[in-house]
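Asks: Here it is, the structure in full.
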Amino acid sequence: MDWIGPKESKIPPHTRQEPRFDGDLTADRIRFLFRGCADFEERQILIGGDPAKRAAAFFISGQVRSERFYDYVLRPLATNPQLREATPEAAARMMTEGLVYASVKVCETLDEAMFALVDGSVVFDFPGGGKMISYSVATEEKRSVSDPENEPSIKGAMDSFVESLRTNTSLVRRRLRAPELKIAEVIAGRQTVTPIDILYIEGITDPDLVARVRERVEAIDTDELLQTACLEELIVDEVKTAFPLVAYTQRPDRFCAGLVEGRVGVIVDGIPLGYLMPGTVGQFFKTGQDRSQNWVAASCLSVLRYVCMLVSLFLPAGYVAAVNFHPEMIPARLAWSIAEAKVDVPFSTVFEVLILLLAFEIVQEAGLRLPGPIGQTVSILGGLVVGTAAVEAKIVSPVVLIVVAVAGIAGYTVPSQEFSSALRIWRFGLAIAASLGGLFAVTAAAAVLVCHLARLESFGVPYLTPFAAVGGDRAMGHGVIRWPLPWVKFREQALHPQNRRRQG
């Protein structure tokens, strides 16, 4: 149900206008539409050096690369003897033998000419032609390919996605050289007009999954597509959840591995990430290093991540429940130490835990939002103040500080920060439930969490895959343990790949 207030209900619908710009394709119309734009420029070009023969060239300064414009367009126009007449015939020759330039097309509508200018093309208007010709001389200024900062690689590739769409697809093509790799492009965002590429491997990826992803991307109807949430929240099955339903990565090698598994990839121009769909629980606990190191070490680390996830989620709640409702669970000497430490603390156990959890989130948020050196200083000072000073001031007990610190550090072992953030939110709820009913309430809250996860789907695939809903067909190598690669013969059944066998 849409939440529409009394004022919002009077706002007209978000209607589409096709074509986007009214009017005929003329030079005066282009000048009118770009009125007030300081970067819009027009230049009169002499065709073949004859002062009486001129054509108008329109372009947007900053969008075109000057060297290409002058060397590949202006100079041939001024010196080519075949282009002596500024007529439609001269325009036709420009498309064939007039200029040695590959990226050239005819603009027959005003929309085509306007978008060509915005994309970095030079548009020529020949008197009496009725059509215009555009040459793509767009600038290629972009951030260079660098190391993946959020997903550091110890033993593996050292490149990461950038903001340029074509650079990102090139990084994928260099790893997946098979012609079966398909790249479909969709335009979204009425004002941003953002290209979105959908990548999949024909013959492996489920066609229904590809169709479902493409249908949802094409259905995006918004003015801007600049941040990640503009894409993620508009295509997922469920938004009333804290858990991510779409996986993302900075690393092209991990992105390509997902495509080979049978997933659908999405790359958005301007966002240095690659999305993999569907997103399942098992995927959020994998790292790019799992297949770069020995399978025994990778399996142990994988098990450690799941154990740390449970510790981060249930340790504060378990401590509150044990102290308030089940003291018989605590060994006698430990119970005596806890009681002795709480003698001078004026607050209840649940208040201590909640206030420290909240302080932990505040320090973390402050460290993320500030510049690097300042953020590290704030984190250190915050840890000292929240930790040592709070214990010395008898605001919290040392045991609570240890419990919250262990839970917080354990949460950092989860590779996906979005999944870790969802666990931190549920950690508060479990601690409050423990203060109300002890372990019985914690068990009930855990059951609610499991039911919530079991209800979620990502593009038709159960969210708890590969731990549930596999139809009894559990292929080796897709669970917690990372088995030796020669044993992993098949792809994950939950993705319904056309070709399940991945190796002989």
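The numbers here are math on the coordinates, done by the rules we state, and not lab data. Here the structure is a predicted model, which means the values were calculated and not measured. Heads up, the Cβs are rebuilt from the backbone with ideal geometry, glycines too, and the neighbour counts pull from every protein chain shown.
Asks: For Lys394, give me every one of the aspartates and glutamates with a C-alpha distance below 17 angstrom, ignoring sequence neighbours fewer than eight places off in its own chain.
Replies: Glu340, Asp344, Glu352
Asks: May I pose another question? Using amide H atoms built 1.01 Å from N in the peptide plane, name the residues 5+ places from Tyr248, or on other chains, whose amide H lies under 5 Å from its own.
Replies: Placed amide hydrogens put Leu276 under 5 Å from Tyr248.
Asks: Rounded, prolate or oblate: which fits segment 202-356 when a ≥ b ≥ c are the square roots of the eigenvalues of the alpha-carbon gyration tensor, with rounded for a/c under 1.5 and prolate only if a/b beats b/c? Before the final figure, lay out each step's value.
Replies: Working: a/c = 3.37, a/b = 2.02, b/c = 1.67.
Prolate.
Asks: Short version: ³J(HN,Hα) in whole Hz for each residue of segment 169-185, in order, from phi by Karplus 6.51 cos²θ - 1.76 cosθ + 1.60 (θ = phi - 60°), x for Gly and Pro, what are they?
Replies: 5, 5, 4, 6, 4, 5, 9, 10, 8, 5, x, 6, 5, 9, 10, 9, 10
Asks: What are the residues whose amide H is under 5 Å from the amide H of Phe21, where those residues sit 5 or more places off or on another chain and H is modelled from the backbone?
Replies: The answer is Asp111.
Asks: For a Förster distance of 45 Å, can you work out the FRET efficiency between the beta-carbons of Glu180 and Asp111, rounded to the nearest 0.05?
Replies: Step by step, r from the Cβ atoms, then E = 0.85.
Asks: Which of the aspartates and glutamates could a cross-linker bridge to Lys240, judged by Cα under 18 Å and excluding same-chain residues fewer than eight apart?
Replies: Within the straight-line limit of under 18 Å, Lys240 reaches these aspartates and glutamates: Asp2, Glu232, Glu418, Glu457.
Asks: Relative contact order for segment 124-242 using alpha-carbon pairs under 8 Å, separation at least 6, rounded to a whole percent?
Replies: On the way: 103 pairs, mean separation 18.4, N = 119.
With pairs under 8 Å counted, the relative contact order is 16 percent.
Asks: Can I ask one more? Just want to confirm a number: the relative contact order over segment 150-217, from Cα pairs under 8 angstrom separated by 6+ residues, in percent.
Replies: 21 percent
Asks: What aspartates and glutamates could a cross-link reach from Lys155, if we take a straight Cα to Cα line under 16 Å and drop same-chain neighbours fewer than 8 places away?
Replies: The reachable aspartates and glutamates, counting only those whose Cα sits under 16 Å from Lys155, are Asp147, Asp253, Asp290.
Asks: Counting Lys +1, Arg +1, Asp -1, Glu -1, what net charge surrounds Tyr306 among other residues with beta carbon under 14 Å of its beta carbon?
Replies: Charge balance in the 14 Å sphere: +2.
Asks: Give me, ordered by chain and number, the residues 5 or more places off Ala138 or on other chains with an amide H under 5 Å from its own placed amide H.
Replies: Arg65
Asks: A further question on this structure: Whole-Hz Karplus ³J(HN,Hα) for segment 343-349, in order, using 6.51 cos²θ - 1.76 cosθ + 1.60 and θ = phi - 60°, x for Gly and Pro?
Replies: Calculated HN-Hα couplings, in order: 4, 9, 8, x, 9, 6, 4 Hz.
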